[in-house]
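Notes to accompany the following structure.
The values are calculated or read from the model by the stated rules, or taken from the named source; none is laboratory data. Quick caveat, the model's predicted, so the values are computed rather than measured. Because the Cβ atoms are built from the backbone with ideal geometry, glycine has one as well, and the counts that use them run over all protein chains shown. Side chains included, ligands, DNA and RNA excluded: accessible areas come from the protein's heavy atoms. Shrake-Rupley method; radii C 1.70, N 1.55, O 1.52, S 1.80 Å.
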Amino acid sequence: LKAGGNAFDAIVAISFALGVCEPNASGLGGGGIMLGYEASTGKYISYNFREFVPGLGNASAFVRGDADLDDGPKSSGVPTQVDGLLTILENHGVKSRTDVMKAAIDYAEDGVKVTPELANAINDQFYKLMRTHSRDENTNVYTSDGITPLVAGDMLVQKNLAKTLRLIRDNGRDGFYKGEVAEAIVNTMLEQ
């Protein structure tokens, strides 16, 4: 806001940064909603960019609550957060992707201090993080010594997330939904 952005720029910047600082609560793999008021037009606006069932998925399984949908690839929907945030920025923002994504990229690249709440979330989900196909990467991100979960005060550094955010900054939606990021998501899902 101090750099001349509006509230919509701030919403997008905060959302991207939140996915870095509180990955247990938000992130590129999810979706969202936004309600707002655009003072320049006097209109109330809303965006619904919640995840949806993949094309080969079975929506009725989500309604039944099948046990194997509790976690893992069968429990995920198509991630729509990137599309939603970029749509908000394009339709209502005044700043560039470079401007609004800078803080998130810097936080991911340089690290953020783990809060007590995030430390609890990492510890609570640690066994899931360590049993996935991405175990090596998760070990590098969520442990301080290759064994022990990060604790409050440790630095959470996410170099690969910084790379993904830079691809989105430079290529827009295609940086996430096409190319190496999309291929990595699909390959990880297939290998689970």
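Structural remarks
- With 0.36 nm allotted per residue and the present C-alpha distance subtracted, the residue 182-residue 128 stretch has 17.2 nm of extension available.
- Loop-resident GluC sites (Glu not before Pro) (DSSP state other than H, G, I, E or B) in the range 87-192 with no more than 16 further Cβ atoms inside 10 Å of their Cβ are absent.
- Gaussian network model of the chain, springs between alpha carbon atoms under 10 Å - residue of 104, 17, 39 with greatest fluctuation: 39
- Under the criterion of Cα pairs below 8 Å and six or more residues apart, the relative contact order for the chain equals 23 percent.
- The Kirkwood radius of the chain, taken over pairs of alpha-carbon atoms, gives through the Stokes-Einstein law at 4 °C and 1.567 mPa s a diffusion coefficient of 72 µm² s⁻¹.
- Averaged over its residues, the range 112-171 has an accessible area of 59 Å² per residue, based on protein heavy atoms and a 1.4 Å probe.
- Share of carbon and sulfur in the accessible area of the chain stands at 54%, probe radius 1.4 Å.
- Range of Cα positions in the range 145-192 per principal axis (Å), largest first: 35, 28, 12
- Dipole in debye (nearest 20) - the range 97-146, about Cα centre, beta carbon charges: Lys, Arg +1; Asp, Glu -1: 200 debye
- Sequence-distant lysines (8 or more away, or on other chains) whose Cα lies within less than 25 Å of residue 113: 2, 102, 128, 159, 163
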